[in-house]
Each structure stands twice: as C-alpha cells, then as structure tokens.
Amino acid sequence: MIIDQGELKQRYLKRLAGASERRVCIGPEVVALDINNACNLSCRYCWTHGPGNPAHFDKARFFPWKRFLGIVRDCVELHVDQIHITGAGEPTLHPLFRDMMRHLKQQPLKVKLFTNATFPLDFCSDVIQGDHVVVNLSAVDRQQYRKLHGKDLFARVVKNIKRLVSLRDAGKKGFCIEIVYIVNTVNIRQKQKMQKLASQLGVNSVYFKRMDVHDHSRGIALPDTPQAGLKSEGKRTPPACLNGWFYVIVNSEGFISICCLIHRMPLGVFDKVTLKKLWSSKRMMDIRLLGKYGHVQKMYKACQACPFYDENIQRSQDAARERIRR
C-alpha cells in the first residue's frame, strides 16, 4: 500500500528532528525482515551461498509466524514507511511466504521484495500484492545463467518476470519491477544485452552493481580500475551514521541491527524484546548516538563499505538545513 507523499515527507522530517535533538519522534523508515537463510541457487558472487564459501549456513532457519505478526503490528503502530522482505537466501522459500504477502497487503506499509524469481508461476499473484520487487538476474541467457547462478532456471525467471509485468499492466500501474545485475568478469560484456532484455521484458529499471569481492568469489572479481556505469560502495565511511533513526533489520535468527552488514550489533534478540520496546529503549538510543558521532564506524570494519553512505550524507545535509530553517 503506497502512503501519501505528503505524509512521507512529514515522517522524514520527524526522523531528522529526532536525530538533531537526540530523541525519537517516530519509527524507522525501513524495517527489513530477513525471513530465512535458505536458498535454491548457488550464485558464484553470493556472500552467503556462493560455492566455496566457508560461512555457508549449515542449518536452514525460517522466521516464525508469531514473530512476523508482532513485527508488522509494531511497524504499523510506529508509523514505519516500508517493510523489506529479504533473506540471507531466497525469501520465497519460506513456507509461509504467500501468507506473509497477503497479510502485508492489508497494512499501511510499502512492501519491497528481494528475490531470485525462481518461484512457481502462481506465486506472482502474491508478489504483485506488494509495491516493488527486485529480481536478482545477472545473466542474459540460459548458458550464462547456469554458469553464474548454478542451476538451469533462466527460462523460469524470465517467465515469472513476464507474468509480473502483465499483472502490473493489467491493474497495478504503480508496481515497480527492477532487475539487479551483479557485474563480474563473466557477464560484464553483456551489459548492453541486459539493457535490451530488460526493455523487451518491460521492467521498470535495471540496476548494474559491481560485485562485492569475497575470498570465495575472487576468481570472477573485476579489476580495481573504475568501471563506468557501475554502482559500488567501495571504501566509503560516513562521518555521521543516522541509520538508527531510519533503518532496522531483523535476521532469521532474531538478531536486530541498524545495518544489513552488521547483523550481530548488540541491540537484542527479537524473541526477548518487541520492536516497539527496543525502538524506544536506552540501548537503542546509545547505538544511535554512537553512529551519529562516528564511533560505530570505528568499531566495525564493515562500515568502510557503507551501503547507506549516500543516504547518510543526504540526511546529515537535510538535518543541517532544517536546523537553520527553524
């Protein structure tokens, strides 16, 4: 459900005011739910399920239904803007995924799904109940897909995208379908072909992102020289991190963090505290302030490649302008 743009702007200003005045005025902009850690693919660039990754999960974990309902209820009461359905794997493998999407359809929240789109075709009727889907597709044909993603499912992904496009055009024009193409040495020469394929499929956009390098994926890593048109976080640490007023992630184990790269930041475990109580707790405020004044960035190496760098710079600038305006 899309929220009125005027309301979203007022919520944004309240979060900025909270950051400036070291208090909480409203809930986060985004709550990300890592609803499971299982995957049906083994993408060579994946930080979790890539072949040879020693950090690969030994045991599949799935978000309990009760936890999901509690978080969604808290999100509504806290006036959260968006829920992101993600996974340290493929979220549509969660046995209750379709029930989750149907429940979220009834809530005043924008819903964004991150998926590899290998789900059964009839899942499209539930995926379209959200507002935005990001499809991980880094290949332009069947052979390349098998080489990069580990299975022969290219035709299924394309069929699902076509179905989502038809459902969007038939009755949900505001639904956004985005392809994310992780660029590496295997597929870098096919960027133009992907642009053409995306246009033919009728998706809203295609996003080219330079592959993040891990030990198990160095064999397909791009050279360090800059590549035109590629998005890469690189070595960028924001001087002020305001994520504590804007973002929360709960992973499949129930650990809560203000960053998708720092899963075990000591904020708590969801089964022992509700999101609503955590949001207003002293512990949460302490973490917020550590980020605001640059201390979290010194504690965690992951901050050197901050995925929210641009957002944090923009928020700091906007907060400064609001202080002057008032």
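The values are calculated or read from the model by the stated rules, or taken from the named source; none is laboratory data. Just so we're clear, the structure is a prediction, and the values are computed from it rather than from any experiment. Cβ coordinates were reconstructed from backbone atoms using ideal geometry, including for glycine residues, and neighbour counts include every protein chain displayed. Just so you know, the surface numbers come from the protein's heavy atoms only, side chains and all, with ligands and any DNA or RNA stripped out. Shrake-Rupley method; radii C 1.70, N 1.55, O 1.52, S 1.80 Å.
Treating cross-link reach as a plain straight distance, find the lysines whose alpha-carbon is under 23 Å from the alpha-carbon of LYS298, omitting any fewer than eight places away in the same chain.
Excluding near neighbours in sequence, the set is LYS235, LYS282.
Treating only the Cβ of Lys, Arg, Asp and Glu as charged (+1, +1, -1, -1), what charge dipole size does the stretch 1-112 show about its Cα centre? Round to the nearest 20 debye. Numbers along the way, then the final one.
On the way: 17 positive and 11 negative charges, 15 e Å.
Value, rounded to 20: 80 debye.
Normalised by the number of residues in the chain, what is the relative contact order in percent for Cα pairs under 8 Å and 6+ residues apart?
Values: 587 pairs, mean separation 64.3, N = 326.
The value is 20 percent.
Cα axis of helix 5-21 to longest principal axis of the chain: angle in degrees, 0 to 90, nearest 10?
Helix 5-21 sits at roughly 50 degrees to that axis.
Label GLU322 and ASP99 with points 7 Å out from Cα along Cα→Cβ: what is the distance between them in nm?
3.9 nm
Using 1/(1 + (r/R0)^6) with R0 = 45 angstrom and r between the beta carbons of ASP169 and TYR12, what's the FRET efficiency to the nearest 0.05? Present the calculation step by step, with values, prior to reporting the outcome.
Values: r = 31 Å, r/R0 = 0.68.
My answer for the efficiency is 0.90.
So, with +1 on the Cβ of K and R and -1 on the Cβ of D and E, and no other charges, what is the size of the charge dipole of the stretch 246-317 about its Cα centre, to the nearest 20 debye? Write out the running numbers ahead of the final one.
Values: 11 positive and 5 negative charges, 61 e Å.
Roughly 300 debye for the stretch 246-317.
With +1 assigned to the C-beta of every Lys and Arg and -1 to the C-beta of every Asp and Glu, and no other charges, what is the dipole magnitude of the chain about the Cα centre in debye, to the nearest 20?
Details: 53 positive and 29 negative charges, 74 e Å.
Computed charge dipole of the chain: roughly 360 debye.
Express in nm, to one decimal, how much length is gained between LYS66 and TYR309 on full extension, taking 0.36 nm for each residue of separation and deducting their alpha carbon distance.
Details: separation 243, 0.36 × 243 = 87.48 nm, distance 3.36 nm.
That pair, LYS66 and TYR309, stretches by 84.1 nm at full extension.
May I ask you to rank SER217, SER205 by accessible area, largest first, using a 1.4 Å probe over the protein chains only? Before the final figure, lay out the partial values.
Details: SER217 5, SER205 45 Å².
Largest to smallest exposure gives the sequence SER205, SER217.
Whole-Hz ³J(HN,Hα) for each residue in the stretch 236-241, computed from phi via Karplus 6.51 cos²θ - 1.76 cosθ + 1.60 with θ = phi - 60°, x for glycine and proline: what do you get?
Each residue's phi maps through the Karplus curve to give 9, 10, x, x, 10, 9 Hz.
I want the local charge near VAL133. Using Cβ-Cβ distances under 9 Å, sum +1 for each Lys or Arg and -1 for each Asp or Glu among the other residues.
Details: positive: LYS112; negative: ASP131, GLU178.
Local net charge: -1.
Compare the Cα positions of LEU33, SER20, ILE3 along the charge dipole of the stretch 1-46 (+1 at Cβ of Lys, Arg; -1 at Cβ of Asp, Glu; about the Cα centre) and return the one farthest towards the positive end.
The residue sitting farthest along the positive end of the dipole is SER20.
Among the listed pairs LYS66/LYS151; LYS105/LYS277; LYS159/LYS191; LYS59/LYS292; LYS172/LYS196, which have their C-alpha atoms separated by more than 30 angstrom in this model?
On the way: LYS66/LYS151 33 Å; LYS105/LYS277 25 Å; LYS159/LYS191 21 Å; LYS59/LYS292 36 Å; LYS172/LYS196 24 Å.
Long pairs (Cα-Cα over 30 Å): LYS66/LYS151; LYS59/LYS292.
Return the sequence-ordered ³J(HN,Hα) values of the stretch 193-207 in whole Hz as given by the Karplus equation 6.51 cos²θ - 1.76 cosθ + 1.60 applied to θ = phi - 60°, using x for Gly and Pro.
5, 5, 4, 5, 4, 4, 5, 5, 6, x, 6, 6, 6, 10, 10
Using θ = phi - 60° and the Karplus form 6.51 cos²θ - 1.76 cosθ + 1.60, what ³J(HN,Hα) does each residue of the stretch 272-278 get, whole Hz, x for Gly and Pro?
9, 8, 7, 4, 4, 5, 4
If each of LYS301 and LYS151 carries a label point 7 Å out from its Cα toward its Cβ, how far apart are those two points in nm?
My value for the distance between the label points is 3.2 nm.
To the nearest 0.05, how large is the calculated FRET efficiency for ARG142 and ARG236 if R₀ is 45 Å and r is the Cβ-Cβ distance? Numbers along the way, then the final one.
Numbers: r = 37 Å, r/R0 = 0.81.
E between ARG142 and ARG236, to the nearest 0.05, is 0.80.
Provide the net charge surrounding MET285, with neighbours chosen by a C-beta distance below 9 Å and charges set as Lys +1, Arg +1, Asp -1, Glu -1. Write out the running numbers ahead of the final one.
On the way: positive: ARG22, ARG23, LYS282, ARG283, ARG288; negative: ASP286.
Within the 9 Å Cβ shell, the charges total +4.
If you count the DSSP beta bridges with both ends in the chain, what percent of them are antiparallel, to the nearest 5?
Details: 4 of 34 bridges.
The answer is about 10 percent antiparallel.
Which percent, nearest 5, of DSSP beta bridges in the stretch 6-120 are antiparallel?
On the way: 1 of 10 bridges.
Here the antiparallel bridges make up roughly 10 percent for the stretch 6-120.
If Lys and Arg each add +1 and Asp and Glu each add -1, what is the summed charge of the other residues whose beta carbon sits under 14 Å from the beta carbon of LEU153? Each step should come with its number before you reach the end.
Values: positive: ARG142, ARG146, LYS147, LYS151, ARG156, LYS159; negative: GLU90, ASP141, ASP152.
With Lys, Arg at +1 and Asp, Glu at -1, the neighbours total +3.
At a 1.4 Å probe radius, carbon and sulfur cover how many percent of the accessible area of the chain?
Details: 8230 of 15580 Å².
Within the chain, the accessible surface is 53 percent carbon and sulfur.
Rolling a 1.4 Å sphere over the protein heavy atoms, what is the accessible area per residue of the chain, to the nearest Å²? Display every interim value, and only then the final one.
On the way: 15580 Å² over 326 residues.
That works out to 48 Å² per residue.
Below 8 Å, C-alpha to C-alpha, sequence gap of six or more: please give me the relative contact order for the stretch 77-148 in percent.
Numbers: 78 pairs, mean separation 22.0, N = 72.
Computed value for the stretch 77-148: 31 percent relative contact order.
Charges on Cβ only, +1 for Lys and Arg, -1 for Asp and Glu, centred on the Cα centroid of the chain; of LEU104, TYR181, TYR293, which one is farthest towards the dipole's positive end?
TYR293
Return, in residue-number order, each cysteine of the chain whose C-beta is not under 4.7 Å from any other cysteine's C-beta.
Within the chain, the cysteines lacking a partner Cβ under 4.7 Å are CYS25, CYS39, CYS75, CYS124, CYS176, CYS241, CYS259, CYS260, CYS303, CYS306.
Taking Cα atoms, how many degrees apart are the long axis of helix 309-325 and the longest axis of the chain, rounded to 10 and kept between 0 and 90?
30 degrees
Kindly express, to the nearest 10 degrees and within the range 0 to 90, the angle between helix 65-77's C-alpha long axis and the longest C-alpha principal axis of the chain.
Here the helix axis deviates by roughly 50 degrees.
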